[in-house]
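Undergrad: My structure is below; once you've seen it, I'll send some questions.
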Amino acid sequence: MSNPRIPRPFFCGNWKLWGTLSDSVSLATGVRDAVAGVAAADVAVGPGFVALATVAEKLKGSSLGVASQDGYWEQKGAFTGEVAMTQIADAGAKYAIVGHSERRQYFGETDETVSRRAKAALAAGLVPIICIGETLSERDAGQALAVVAKQLDGATASLTDDELVKSVIAYEPVWAIGTGRVASPAQAQEIHASIRARLVQRLATRAQQIRILYGGSVKPDNVAELMKEKDIDGALVGGASLTVDSFAKLVKEGVAACTRS
Ligand code: PEP
């Protein structure tokens with residue numbers, strides 16, 4: 001008999017700017033059917049805003065969750081173009097990705113705004129997936145641990161301890177996102193362990209409940225070695241979440257690798 005891993009593994013797709021409404025529905029329903037037998041992990045897909053409500057409706061009653069790729073902290077008002085966390089929850093999402101490096105790089109996201117988004121997500125009943133990670137030049141300068149610690153502190157500054165325990169952290173080294181250059185399991189584990197240690201400083205044993213995902217060129221053929229690491233609790237997946245076969249295979253390989261006997 002194998003023991004369930006704690007915390008429960010979590011695999012989340014991030015579709016970024018991809019696909020029509022009908023592409024989104026067929027990918028989501030395909031993934032739903034392909035992972036229907038996966039009981040030992042939580043799994044979600046991350047469509048664009050336009051497809052969010054329709055995808056959530058199609059997935060109703062299934063175990064496959066829906067994540068938004070962002071979300072704003074105000075609930076209403078003169079904020080043209082923004083989508084409130086409350087609207088995202090109302091559309092049927094369960095998770096909200098916040099602070100993705102592409103939001104930080106192209107849209108001026110800062111740790112402070114990430115923290116506000118995470119807080120609003122929690123207030124709306126969503127689980128925030130809080131993304132942090134260093135750039136290549138920061139890593140080359142030996143600053144990876146310091147950068148990640150600073151981002152973790154800043155992006156969770158507004159959360160109470162109870163809110164932080166309900167959140168998911170995603171370590172996504174910027175140099176590994178969409179590049180095909182995955183962090184080695186040892187590189188990823190070093191940072192994940194440092195994140196866990198910092199969470200333990202704040203939350204003591206409750207820090208063990210928090211899922212710390214790795215993101216950055218995770219594929220079906222490299223997920224197993226990552227998931228064998230002690231502090232890697234799942235993956236945030238871009239490119240490999242865009243076909244049913246690759247995402248379902250990735251989830252199954254990941255679950256198989258982290259099942260402890
Ligand atoms: C991401 O977008 O969060 C990501 C990790 O992308 P990819 O898997 O394509 O590197």
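Laboratory data are not the source of any read-out in this text; all were calculated from the coordinates shown. None of these values were measured; they are calculated from a predicted model. Quick reminder, even Gly has a Cβ in these numbers, built from the backbone with ideal geometry, and neighbours come from all protein chains shown.
Undergrad: Can you run phi through the Karplus equation (6.51, -1.76, 1.60; θ = phi - 60°) for segment 191-208 and list ³J(HN,Hα) in whole Hz, with x for Gly and Pro?
TA: For segment 191-208, the Karplus curve yields 6, 4, 5, 5, 5, 4, 4, 5, 5, 5, 4, 8, 10, 6, 5, 5, 4, 5 Hz.
Undergrad: As an exercise, use a Förster radius of 45 Å and the Cβ-Cβ distance of T205 and D90 to find the FRET efficiency, rounded to the nearest 0.05.
TA: Numbers: r = 35 Å, r/R0 = 0.77.
The pair T205/D90 has a calculated efficiency of 0.80.
Undergrad: Note down the net charge around E253, summing +1 for each Lys or Arg and -1 for each Asp or Glu among other residues with Cβ under 13 Å from its Cβ.
TA: Neighbour charge sum, excluding E253 itself: +1.
Undergrad: So how do S63, S101, S22 line up by other beta-carbon neighbours within 10 Å, fewest first?
TA: Arranged by neighbour count, lowest to highest, S63, S101, S22 become S22, S63, S101.
Undergrad: Check A170: other-chain or 5+ apart residues with amide H under 5 Å from its amide H, H built from backbone geometry?
TA: I130, C131, I132, L213
Undergrad: Evaluate the charge dipole of segment 173-229 about its Cα centre and quote only its size in Debye, nearest 20, assuming +1 on the Cβ of each Lys and Arg and -1 on the Cβ of each Asp and Glu. Can you show the working numbers first?
TA: Numbers: 8 positive and 4 negative charges, 61 e Å.
Magnitude of the dipole: close to 300 debye.
Undergrad: Between A146 and A40, what is the spin-label point distance in nm, taking each point 7 Å from the Cα along the Cα→C-beta axis?
TA: Those two pseudo-labels are separated by 4.1 nm.
Undergrad: Put a dot 7 Å past each Cα toward the Cβ at T179 and E82; how far apart are the dots in nm?
TA: Computed distance between label sites E82 and T179 equals 3.2 nm.
Undergrad: State to the nearest 20 debye the size of the charge dipole of the chain about its Cα centre, where the only charges are +1 on K and R beta carbons and -1 on D and E beta carbons.
TA: So the dipole magnitude of the chain works out to roughly 540 debye.
Undergrad: Same structure again: When the Cα centres of segment 200-243 and segment 13-55 are compared, how far apart do they sit, in Å?
TA: 19
Undergrad: Provide the FRET efficiency to the nearest 0.05 for the A197-E74 pair, computing r from the beta carbons and using R0 = 45 Å. Could you put the intermediate results ahead of the total?
TA: Working: r = 34 Å, r/R0 = 0.76.
Once the sixth-power term is evaluated, E becomes 0.85.
Undergrad: Sticking with this one: I need W73, W15 ordered by Cβ neighbour count within 10 Å, fewest first.
TA: With the fewest neighbours first, W73, W15 line up as W73, W15.
Undergrad: Give the value in nm², to one decimal: projected area of the alpha carbon convex hull of segment 111-259, averaged over all directions.
TA: Convex hull of Cα atoms, orientation-averaged projection: 8.7 nm².
Undergrad: I want to make sure I understand the PRE zone here: with the label point 7 angstrom from the Cα of V165 toward its beta carbon, which residues in segment 100-117 have backbone N atoms less than 12 Å away?
TA: It comes to no residues whatsoever.
Undergrad: Right, next: Counting other C-beta atoms within 10 Å, and keeping those with at most 11, which DSSP coil trypsin sites (Lys or Arg not before Pro) do you find in segment 2-96?
TA: For trypsin sites (Lys or Arg not before Pro) across segment 2-96 that sit outside H, G, I, E and B with at most 11 neighbouring Cβ atoms in 10 Å, the list reads K60, K76.
Undergrad: Relative to the present Cα-Cα distance, how much length would full extension add between D33 and L136 at 0.36 nm per residue of separation?
TA: 33.3 nm
Undergrad: For segment 1-150, count all C-alpha to C-alpha pairs, find those more than 21 Å apart, and express that count as a whole percent of the total.
TA: 50
Undergrad: Less than 14 Å Cβ to Cβ from V38, Lys/Arg counted +1 and Asp/Glu -1: what total charge do the surrounding residues give?
TA: +2
Undergrad: What are the equivalent ellipsoid semi-axes of the chain, built from the alpha-carbon gyration tensor (square roots of five times its eigenvalues), in whole angstrom, biggest first? Provide the component values of the computation, followed by the final result.
TA: Values: eigenvalues 117, 107, 62 Å².
Computed over the chain, the values are 24, 23, 18 Å.
Undergrad: From the P(r) of segment 9-80, could you give the percentage of C-alpha pairs in the tail past 17 Å?
TA: 44
Undergrad: At 7 Å along Cα-to-Cβ for each site, give me the label-to-label distance between K228 and F49 in nm.
TA: 4.3
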